[in-house]
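Heads up, the thing below is written out as C-alpha cells.
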Amino acid sequence: MGVREAAFMHGLKLILRNALRHKLRTALTVVGLLVAVLAYGLLQTVVDAWYAGAQAASNARLVTRNAISLVFSLPVSYEARIRGVDGVTRVARSSWFGGIYQEPKNFFPQFAISDNYLDLYPEFVLPESQRQAYLRDRKGCLVGRQLANQFGFKVGDVLPIRGTIYPGTWEFVIRGIFDGADSTKVTRLMLFHWDYLNESVKKTAARRAEQVGVYIVGISDPENAASISRAIDAVFKNSLAETLTETEQAFQLGFVAMSNEIIAAIRIVSYVVILIIMAVMANTMAMSARERTTEYATLKALGFGPGFITLLIFGESVAICVVGGGLGLLATPPAAAMFKTLTGGVFPIFEVSPLTLGLQAACAVTVGIMAAVVPAFRASSVRIVEGLRAIG
Amino acid sequence: MRPVVEIRNLTKSYRRGGEIVPVLQDLTFDIADGDFVALMGPSGSGKSTLLNLIAGIDKPDGGTLLVGGIDITVLSEAELADWRARNVGFIFQFYNLMPVLTAFENIELPLLLTGLSGSERKEHVEAALAMVGLTDRMEHYPSQLSGGQQQRVAIARAIITDPTILVADEPTGDLDRASAEDILALMDRLNTELEKTIIMVTHDPYAARRARAIRHLEKGVLTRGQEKT
C-alpha cells in the first residue's frame, strides 16, 4: 500500500469517527437532512403529479373547443363538419358536467360523452360485457378504477350527482369500471351518455341543448396534427363559434398552465428547503471544523498536507449527507403513498419518479459538498502556529 | 562534527495592530547533534517562536536556519511538510493527540506518510509503545489515559519516524510533578540511549535541569552563553 492509499484509508477512519464524535449533533443533522430530502422529493412529486395527466395525454388526438373560451360550447352540428376534414378518422363529443358527489370535497371529473368516445381512448380498458351494459342503459355510467377504489364503487351502484352547471340531482347506474392500460393513466373520472344529458337539458333549458363542450378528434397520422388542426379551425373561421383545435397534450398543458404560479411556488419552496438544510449543514461543519482547529494544525505539523485536511472535512460532510439523504430517499416512496391516501385521491397518479430520486440524491451530495467548502478552506489554510494556539 | 541545528542572524517579528513587534533579533547559535537543549526565558521572550522556526512550522523574516544541513527557510510549504514528516518529532504541552484514534493509531499517524507496509507500521508502533511503557494501553483512546500516559503516547508518536530532532514545547506544563518526572526521565532516555537531539522550551527550572544545556532568551536575544547542567 502506498503513502496515498495508507493516508486515505486512515482518513476514512478519521472521517467516520469524527462524524460520530458528537452523536446528538450528527443525529439531528441527519434527521434534518432526511426531512429536507423527503420534503424536496414530495414537492417534486406534487409537481410531477400536476403534469401527470398532460404527460399521459396523446398527441394522436385533437381537442376542438370554442376559440373564445372553454366556458363556451360548440354546436353539435360541428361534429359532421369536423369529420369531413381530411385526416380525421373519428369525432367524439365530451361535455364537462361539474357535479358534486355527496359533498364538494369529493370532487372528481364527470364528462358526458358520445358512445364512440371510448373508441378514441384505447388506454381505458373495459370488459366488453360492461361496455354493452353501459350502451344499453341510458342512465348508465362508467367509472375509472382509481375513482371506484377511492369511494368503493361497484358495478350496479346508483351514483347520485348534484348538478352545478346542470341543476338537479342526477342519478346514474354504474355499468362498468374501466382500468388504465398502464399506471400512468388517470382513471379518476366518470363518464356518462351525452344523449342523456342533452335530452334532459332540452326539457329544462332548451337553449343550452344540442351543445358540446369539446370535440375529441381522432386523426390518421399524428405527424399531421398541426395541419389538421388548422384545417378544422379554417372550417369554422368567421362563424359565430370559431374553434381552436390543438393536440390533447397541448390542451391538457393549457390547463396546467393555469396553475403555473402555484407550481412555480412549489418548486421554489422545494429548493428553499434544500438551501435551508445546506445552511444548517454548513453551520454544523463550520462548528466541527472550528472545534478541531488544533487537531488539523497538529496533523499539518506532522506533515499532512492541506489536501488531507480538506478530505477529512469534505468526507465527513458528504458522509453525513449521504446517510441523511439516503434515509430521505428510502422514506420518499412510502411517504408518497401515505400522502396520496391522505389527500383523498386529489392526485390519482402520485408516484416518485426515478428523476426525482436522482435529484434527491444529487441534492444530498451537493449539500454535503457545498457545506464543506468554507470550513475546509479555512481549516486547510490555517497557519500551524495559529492553529496550535487555538482553543478547541 | 557539524551541528544539527545552525542558526545564523535569525530575525522574526509579528505585526500587532499597526505596530511591528520584534520577537527574535539577529540570533546566532548552534545545537549539536545528540544534544538536549532547554530554551528558557520569560513569557514573550521568543523561545516558542524560536522552537516553531526550528521545527519548520513558522518562517523567519531573515537569517538562515539549517537543520541537518538543510536550509529550511527556503523550502516551500509542501517541501516543509515533507521535511517535517521526516525530520521533526513534536511533543506538545497538551499532547495534541487525535481524540478519536486509539494510542496505537495516534502513534501510527506519522508512519502513514512514510510508505511502510501495514505490518511494518505495526512493528514500529509496538516497539515505540514498548519504549514508552504503554503496550497494555495501545487500544485505549486518549480520554481513557492519564495526562502522563497521553504525553507518553505523544512521545512515542514523536519518535516513531526516527526524526532528526525532537521539539518539545512545555512537555511537562500540564502534568503533576510525578508524571512530569516520568516524562523527563523518558526524554532523558531518548537522549542518552537513542541519542536523539531534543530542543525543549520550558518555564520550569526543574525540567530544564534535565537538559544537557540551557539557553536563555530575553526579548528575542540570547542573554547568556550556553549553560551546562
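The values are calculated or read from the model by the stated rules, or taken from the named source; none is laboratory data. The shown structure was predicted, so the numbers you read here are calculated from the model rather than taken from an experiment. Here the Cβ positions follow ideal geometry from the backbone for every residue, glycine too, while neighbour counts run over all protein chains shown. Surface areas here come from the heavy atoms of the whole protein model, side chains and all, with no ligands, DNA or RNA. Shrake-Rupley method; radii C 1.70, N 1.55, O 1.52, S 1.80 Å.
Annotations for the structure displayed:
- Looking only at residues in the range A:44-74 that are assigned to a helix (DSSP H, G or I) and hydrophobic (A, V, I, L, M, F, W, C), the one that is farthest from A:Tyr271 (Cα to Cα) is A:Ala56.
- Within the range A:1-24, the set of residues being part of a loop (DSSP other than H, G, I, E, B) and at the interface with another protein chain (Cβ under 9 Å from one of its Cβ atoms) comprises A:Met1, A:Gly2, A:Leu20, A:Arg21.
- Within the range B:49-85, the set of residues being in contact with a Pro (Cβ under 8 Å, 6 or more places away or on another chain) and either more than 9 Å from every other protein chain (Cβ to nearest Cβ) or farther than 16 Å from A:Leu299 by Cβ (or both) comprises B:Leu53, B:Thr73.
- Restricting the range A:77-101 to residues that are more than 15 Å from A:Asp195 (Cα to Cα) and among the charged types (D, E, K, R), the residue that is surrounded by the fewest Cβ atoms within 10 Å (Cβ to Cβ) is A:Asp86.
- Condition check for A:Ala379: of a type in the set (Gly, Ala, Ser) and either in the same structural domain as A:Gln150 (by TED's automatic domain parsing) or surrounded by fewer than 22 Cβ atoms within 10 Å (Cβ to Cβ) (or both): no
- Members of the range A:78-113 that are of a type in the set (Ser, Thr, Tyr) and under 26 Å from A:Ile349 (Cβ atoms): A:Ser94, A:Ser95, A:Tyr101
- Matching residues in the range B:93-111 - criterion: being within 7 Å of chain A (Cβ to nearest Cβ) and open to solvent by 10 Å² or more (accessible area, probe 1.4 Å): B:Asn96, B:Val100
- Under the condition of being open to solvent by less than 50 Å² (accessible area, probe 1.4 Å) and not aliphatic (A, V, I, L, M), the residues counted in the range A:132-150 number 6.
- Identity of the residue in the range B:5-29, of a type in the set (Val, Ile, Thr) and more than 20 Å from the chain's Cα centre (by Cα), that ends up most open to solvent (accessible area, probe 1.4 Å): B:Ile20
- Of all the residues in the range A:117-129, those that are open to solvent by 40 Å² or more (accessible area, probe 1.4 Å) and touching a residue at least 12 places away in the same chain (Cβ under 8 Å) number 4.
- Meets criteria (outside the structural domain of A:Phe314 (by TED's automatic domain parsing), part of a helix (DSSP H, G or I) and without any contact (Cβ under 8 Å) to a residue 24 or more places away in the chain) for A:Ala27: no
- Residue within the range A:225-238 that is open to solvent by less than 20 Å² (accessible area, probe 1.4 Å), over 18 Å from A:Val47 (Cα atoms) and touching a Pro at 6+ places or on another chain (Cβ under 9 Å) present: no
- All positions within the range A:47-64 that are β-branched (Val, Ile, Thr) and modelled with pLDDT under 85: none
- Unique match (being open to solvent by less than 70 Å² (accessible area, probe 1.4 Å), closer than 30 Å to A:Ala80 by Cβ and more than 14 Å from chain B (Cβ to nearest Cβ)) among A:Ala57, A:Ala27, A:Ala52: A:Ala57
- Of the set (1) out of contact with any Asp or Glu (no Cβ under 9 Å at 6 or more places or on another chain); (2) open to solvent by 70 Å² or more (accessible area, probe 1.4 Å), all apply to A:Ile68 but (1).
- Count of the range B:7-62 residues which are under 15 Å from B:Thr73 (Cα atoms) and not in a strand (DSSP E or B): 13
- Selection count where residues are at pLDDT 90 or above and closer than 17 Å to A:Gly315 by Cβ, scope the range A:1-24: 11
- Residue match in the range A:333-344 (condition: of a type in the set (Lys, Arg) and more than 24 Å from A:Ala49 (Cβ to Cβ)): no
- Checking each residue in the range A:172-198 for being of a type in the set (D, E, K, R), within 17 Å of A:Gln150 (Cβ to Cβ) and buried (at least 20 other Cβ atoms within 10 Å of the Cβ) picks out A:Lys185, A:Arg188.
- Checked against the criteria, A:Gly11 counts as open to solvent by less than 10 Å² (accessible area, probe 1.4 Å), over 28 Å from A:Leu355 (Cα atoms) and not aliphatic (A, V, I, L, M).
- Exclusive hit being more than 29 Å from the chain's Cα centre (by Cα) and more than 14 Å from chain B (Cβ to nearest Cβ), set A:Ala241, A:Ala265, A:Ala301: A:Ala241
- Qualifying position, being in contact with a helix residue (DSSP H, G or I) (Cβ under 9 Å, 6 or more places away or on another chain) and not assigned by TED's automatic domain parsing to the domain that holds A:Arg383, among A:Ala250, A:Ala301: A:Ala250
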